[in-house]
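Okay, structure first, notes after.
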Amino acid sequence: VGDIATNPYNLLKSVDAIERGISDILSHGCKPLSLGGDHTMTLPILRAMAKKHGPVGLIHVDAHADINDTMFGEEIAHGTPFRRAVEEGLINARRTIQIGLRGTGYAAEDFDWPRRQGFK
């Protein structure tokens with residue numbers, strides 16, 4: 001998010017800053033467009049979007065599902081945003097499509113959790 005100052009040394013402060021920044025953009029009637037960046041940034045964007053619009057549908061293009069429960073003991077990390085988004089009610093899993101997924105490198109059953117949530 002090019003216009004939002006983040007703290008590269010504190011992930012949680014960056015998550016808060018991104019959520020506030022996107023909320024501000026939305027408050028002016030604008031539609032944010034975000035491309036690239038660490039996958040963690042998706043969570044605060046979805047938080048801001050859901051505050052304004054309720055649970056949203058999502059098209060996620062990636063090689064990884066990013067639905068891990070934790071990564072190296074952390075609940076907020078680049079491989080966990082869509083698990084948190086489902087748990088927090090930010091996305092409508094039945095209106096969520098993930099494209100391009102390949103093995104996650106953890107376990108074959110990693111594909112089972114998103115299917116149980118309704119992901120396509």
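The values are calculated or read from the model by the stated rules, or taken from the named source; none is laboratory data. Every value quoted in this text rests on a predicted model; they were computed, and no experiment measured them. Here Cβ is always computed from backbone atoms with ideal geometry, including for glycine, and neighbour counts include all displayed protein chains.
Annotations
- Here ILE67 passes the criteria (1) touching a residue at least 40 places away in the same chain (Cβ under 8 Å); (2) over 27 Å from ILE99 (Cα atoms) except the one numbered (2).
- Criterion: outside any helix (DSSP H, G or I) and aliphatic (A, V, I, L, M) - qualifying residue of ALA48, ALA77, ALA17: ALA77
- Every residue from region 1-43 that is surrounded by 12 or more Cβ atoms within 10 Å (Cβ to Cβ) and at pLDDT below 90: VAL1, ILE4, THR6, ASN7, PRO32, SER34, GLY37, ASP38, HIS39
- Any chance PHE111 is assigned to a helix (DSSP H, G or I) and surrounded by 11 or more Cβ atoms within 10 Å (Cβ to Cβ): yes
- Residues of region 57-76 that are surrounded by fewer than 19 Cβ atoms within 10 Å (Cβ to Cβ) and in contact with a strand residue (DSSP E or B) (Cβ under 6 Å, 6 or more places away or on another chain): GLY57, ILE59, VAL61.
- Residue pairs whose Cβ atoms lie under 6 Å apart, separated by 6 or more positions or on different chains, with the first residue in region 9-37 and more than 18 Å from LYS52 (Cβ to Cβ) and the second part of a loop (DSSP other than H, G, I, E, B), are LYS13/ASN7; SER14/THR6; SER14/ASN7.
- Failed item in (1) touching a residue at least 12 places away in the same chain (Cβ under 8 Å); (2) out of contact with any Leu (no Cβ under 8 Å at 6 or more places or on another chain); (3) of a type outside the set (Lys, Arg), with PRO81 passing the rest: (2)
- Condition met for ALA50 (surrounded by fewer than 20 Cβ atoms within 10 Å (Cβ to Cβ), within 24 Å of LYS120 (Cβ to Cβ), modelled with pLDDT of 95 or more and within 12 Å of the chain's Cα centre (by Cα)): yes
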